[in-house]
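J.: Submitted below is the structure of interest, expressed as structure tokens.
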Amino acid sequence: MNLYEDNVTRGPLWEAVVTRERQLTDAFVELTDTLVGDFDVVDLLHQLTMRCVRLLDVDAAGLLLADRQGRLRPMAASTEQARMLKLLALHDVDGPGLDCYRTGEPVTSADLVAEGGRWPRFAAAAQLTGFVAVQALPMRHHDRVIGALTLL
């Protein structure tokens, strides 16, 4: 018997918890498997964005990482639309991923229409591709921010 069987009556809630637990376990196993053998960092980052979409309540995910000179590069995206938004943000030097990288803090907009002035071109492009909200999370290596994961 596990913790869930002791504390939650078997039913829809129990099934949802067990399913979520299995999905998380599968995601960690898949990402860990990528790190052995013929390790491909681009494949690992692509899998990370795809798993974010499957496990979180988001439609797309994109990842920016800084190169050795500190310039952000789009590394992976779960959809073509997310990849295009990353490129637009880098070209126009505005967007939640860039703000997140610069500040080292999460950046959230629950309504890109209402906050269109914050990142005008990014917000307009996001809306055209069907995205209405965004959250960017800093990617860290120890204490240093090395990029941002953007969830749409």
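The values are calculated or read from the model by the stated rules, or taken from the named source; none is laboratory data. Being a predicted model, the structure only gives us computed values, none of them experimental. Neighbour counts are summed over all protein chains in view; Cβ atoms, including those assigned to glycine, are modelled from backbone coordinates with ideal geometry. Just so you know, the surface numbers come from the protein's heavy atoms only, side chains and all, with ligands and any DNA or RNA stripped out. Shrake-Rupley method; radii C 1.70, N 1.55, O 1.52, S 1.80 Å.
J.: Of all residues in region 86-99, how many are at pLDDT 85 or above and open to solvent by 20 Å² or more (accessible area, probe 1.4 Å)?
T.: Within region 86-99, the subset at pLDDT 85 or above is 95-99.
Within this subset, residues satisfying the condition of being open to solvent by 20 Å² or more (accessible area, probe 1.4 Å) are 99.
Of the residues in that region, 1 qualify.
J.: For region 128-142, give me each residue that is exposed (fewer than 12 other Cβ atoms within 10 Å of the Cβ) and within 15 Å of L64 (Cβ to Cβ). Explain how you work it out, then say what you get.
T.: At the first step, the residues of region 128-142 found to be exposed (fewer than 12 other Cβ atoms within 10 Å of the Cβ) are 128, 130, 140-142.
Listed by number, the residues that qualify are R140, H141.
J.: List the residue pairs whose Cβ atoms are under 9 Å apart, where the first residue sits in region 60-79 and is at negative phi, the second is among the aromatic types (F, W, Y), and the two are 6 or more positions apart or on different chains.
T.: These pairs meet every condition: A60/F131; L64/Y101; A66/Y101; L72/Y101.
J.: Restricted to region 112-152, and to residues that are part of a helix (DSSP H, G or I), farther than 15 Å from V58 by Cα and touching a residue at least 24 places away in the same chain (Cβ under 8 Å), which residue is nearest to the chain's Cα centre (by Cα)?
T.: Among them, the one singled out is F122.
J.: Might you check whether a residue that is modelled with pLDDT under 90, surrounded by 15 or more Cβ atoms within 10 Å (Cβ to Cβ) and farther than 25 Å from L65 by Cβ occurs anywhere in region 107-127?
T.: Yes: one or more hits.
J.: Could you tell me which of the residues R102, R73, R83 is of a type in the set (D, E, K, R), modelled with pLDDT of 90 or more and in contact with a strand residue (DSSP E or B) (Cβ under 9 Å, 6 or more places away or on another chain)?
T.: Details: R73 fails: modelled with pLDDT of 90 or more; R83 fails: modelled with pLDDT of 90 or more.
Criteria check complete, one pass: R102.
J.: Still on this structure, I have one more. Given the residues V58, V53, which is the only one that is assigned to a helix (DSSP H, G or I), open to solvent by 10 Å² or more (accessible area, probe 1.4 Å) and either under 29 Å from E21 (Cβ atoms) or not small (G, A, S) (or both)? First the steps, then the outcome.
T.: Values: V58 fails: assigned to a helix (DSSP H, G or I).
Criteria check complete, one pass: V53.
J.: Moving to a separate point now. Test V36 against the criterion of being at pLDDT below 90, β-branched (V, I, T) and either open to solvent by 80 Å² or more (accessible area, probe 1.4 Å) or in a loop (DSSP other than H, G, I, E, B) (or both), and give yes or no. I'd like the intermediate steps shown before the answer.
T.: Details: at pLDDT below 90: yes; β-branched (V, I, T): yes; either open to solvent by 80 Å² or more (accessible area, probe 1.4 Å) or in a loop (DSSP other than H, G, I, E, B) (or both): yes.
For V36, the condition - at pLDDT below 90, β-branched (V, I, T) and either open to solvent by 80 Å² or more (accessible area, probe 1.4 Å) or in a loop (DSSP other than H, G, I, E, B) (or both) - is met.
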